[in-house]
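Some notes on the structure that comes next.
Coordinate-derived values only; no laboratory data. The structure displayed is predicted, hence computed values, not measured ones. Methodologically, a virtual Cβ is constructed for each residue, glycine included, from the backbone with ideal geometry; neighbour enumeration extends over all protein chains shown.
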Amino acid sequence: MSDKPENSPPNATATADAPLSQGHREALERFILFWGEMASNWGINRTMAQIHALLYAVEEPLDTDEIMEQLQISRGNANMNLRSLINWNLVRKVHQAGSRKDFYTAEKDVWEITAQIIRERERREIKPVVQQLLECRDLLLEGEAGDCAALPPPEQQFCQRIDNLLALMEVFEGFSHALRPFIKGRNEALIRQFVAMAGSLHTEE
C-alpha cells in the first residue's frame, strides 16, 4: 500500500457496527489533519502525529490494519511511527480477548500528554544541544577545566558566546522542570496565574 499525499484527508470510517455520522466523520478528518500540521511544533513527523490523533479520538483500540486503512499509509510507515509513539509513552499496545493481533490505544489525559511531550522534547532537543556545546567548549579549553577569560582572543570571544548559549539552554531546561510539576498536578489555576503574570511583565516592557 502506498502512502497518501501529506495533505490528503484520512479515510475516517467507523470501527464499530454503527457508521460514523457525517458530522463525526468530518470532525475526525479535520482533527487528524490539523494535528498532523502541528507536528513540527512538537518535534515529531506528520504521520506520527496523525496516528496519535486517530488513536486519541476513537473510543476503542485499533489494530495496525485499521490504522493503515483509516490513514491510507503503508504497514512499514504505521509500524515505525507506532514504535515511536510507544517510545514517547503517548501510545501503548494492548491485547483483545480472542484476537492474536496487537491493538493500540492512546493516552487520553491531555495533562499527561502535555507533560510527556515536554519531557521528551527536553530529552531529545535541549540535552543533546547542551552536550554538543560542552564538547565545543572543552575543545577550546583543550580539555582543561577553566573559564573563557583564560583564552586569548578571538578564542575568548567564541568561548563566551558558547557560554551564552549554555546559559540560555539552562533557562529552557529550568523552565521545563518548573512547569512540568504543575502540568502533572493538573494545576490549571496556577498555570493561568503564571501566564497572566508573564503577560503583565511583557506589557510593562
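Here the residues Met38, Met68, ranked from fewest to most Cβ neighbours within 10 Å of their Cβ, fall in the order Met38, Met68. Note on segment 22-106: Kirkwood hydrodynamic radius from all Cα pairs is 13.0 Å, rounded to one decimal. Measuring nothing but alpha carbons in segment 110-204 and taking Rh as the Kirkwood radius, the Rg to Rh ratio lands at 1.14. Compared with the alpha-carbon gap, the fully stretched path from Ser74 to His24 is longer by 15.5 nm at 0.36 nm per residue. If the chain linking Lys108 and Asn89 were pulled fully straight, counting 0.36 nm for each residue of separation and taking away their Cα-Cα distance, it would gain 5.7 nm. If the segment from Glu60 to Glu142 were pulled out straight at 0.36 nm per residue, it would be longer than the present Cα-Cα gap by 23.8 nm.
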